[in-house]
Amino acid sequence: MNRRFLASLVLGLGMAGTSALTGALTPGVKLAQDQAPFQLETMIPQRFGAWQLDPSVVPLTPDPEQQGMLKKLYDQTLSRTYIDAAGRRVMLSIAYGGDQSKALQLHLPEVCYVAQGFQLVGDGAGSLATHYGALPVKRLVARQGQRNEPITYWITIGDKATRSGIEQKLRRLAYGLSGEIPDGMLVRVSSIAVDDVRAYALQDQFVAALLASLDAPSRARLIGASEPVPAGQGSGSAGQQPMQRKVQQDPQQQAQQTTEQTAR
């Protein structure tokens, strides 16, 4: 057999195999299609715990160009400010997208705030302890002039909460290998404060009260669940030492959380 013909044959078979494998691994089933419909505006209460809606303050909103892009990225968004009896305010922003494939990824606060002229002066990973399991979060500090805004956020890909970056990419890859396209939600809480540590502690209290006010299916959408919320289906608190910049979770605390989760 002619060597040139043999080489062409091997190359052709290799390309055909690669094409078939790529097609087999390309996700095609959207998980959102099998889940119960919901609306963020009604799912998130305007009053819960010690908090109530404060319509006088609007959280940071993207510029018109970003707004247009976000409409393509997300199916739903929610931006609110809440206030407690002591006059302390926490801003809540949630964005939901039914398709979190590689072509449609969550728009991260690191990008959004910098695009609005903020400087990121703090960036770290943490774990927010809740009665529903440890919540992996990112802690940021954005600053613009005299405005200092500590930020806590997390991402839910499919049925599991994760941090942005490699963890987020691995979650999408795992779904992609199974032929599924997961939905995604980005939950961000922030407050304008000089003391970052106290701000994080206040945000943790806010998240605890919010989670306690939701029913199980709604809470699963925010922080993930062991199983996806099935179509047709529709309290606690959190405590954690506030995470300072670049601080990681205490191994002893992590071990204790693992033990508690196993006991459940």
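Restricting to the range 135-146, name every residue that is buried (at least 21 other Cβ atoms within 10 Å of the Cβ) and closer than 16 Å to L120 by Cα.
K138, R139, L140, V141, A142 - these are the residues of the range 135-146 that are buried (at least 21 other Cβ atoms within 10 Å of the Cβ) and closer than 16 Å to L120 by Cα.
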So which of D204, D215 is modelled with pLDDT of 80 or more and exposed (fewer than 13 other Cβ atoms within 10 Å of the Cβ)?
-> D215
Just one of (1) open to solvent by 50 Å² or more (accessible area, probe 1.4 Å); (2) of a type in the set (V, I, T); (3) modelled with pLDDT of 75 or more trips up I166, so point out which.
-> (3)
Could you please let me know if V90 is closer than 26 Å to L210 by Cβ, among the β-branched types (V, I, T), modelled with pLDDT of 60 or more and exposed (fewer than 13 other Cβ atoms within 10 Å of the Cβ)?
-> no
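Out of G122, G126, I need the residue that is at pLDDT below 95, assigned to a strand (DSSP E or B) and crowded, with 21+ Cβ neighbours inside 10 Å. Which one?
That would be G126, the only listed residue that is at pLDDT below 95, assigned to a strand (DSSP E or B) and crowded, with 21+ Cβ neighbours inside 10 Å.
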Please indicate, with yes or no, whether at least one residue in the range 67-78 is at negative phi, open to solvent by less than 80 Å² (accessible area, probe 1.4 Å), touching a helix residue (DSSP H, G or I) at 6+ places or on another chain (Cβ under 8 Å) and modelled with pLDDT of 80 or more.
-> yes
In the range 169-193, anything open to solvent by 30 Å² or more (accessible area, probe 1.4 Å), modelled with pLDDT under 95 and not in a helix (DSSP H, G or I) is listed as S178, E180
Sole miss for E149 among (1) under 15 Å from the mean Cα position of the chain (by Cα); (2) open to solvent by less than 20 Å² (accessible area, probe 1.4 Å); (3) within 23 Å of Y74 (Cβ to Cβ) is condition (1)
Looking only at the range 218-252, and only at residues there that are at pLDDT 50 or above and of a type in the set (G, A, S), the one that is most open to solvent (accessible area, probe 1.4 Å) = A225
Quick one: how many residues across the range 129-146 are hydrophobic (A, V, I, L, M, F, W, C) and in a loop (DSSP other than H, G, I, E, B)?
-> 0
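The values are calculated or read from the model by the stated rules, or taken from the named source; none is laboratory data. Just so it is clear, the structure is predicted and the values come from calculations on it, not from any experiment. Cβ coordinates were reconstructed from backbone atoms using ideal geometry, including for glycine residues, and neighbour counts include every protein chain displayed. For the accessible areas, the whole protein counts, side chains as well, though only heavy atoms, and no ligand, DNA or RNA atoms are used. Shrake-Rupley method; radii C 1.70, N 1.55, O 1.52, S 1.80 Å.
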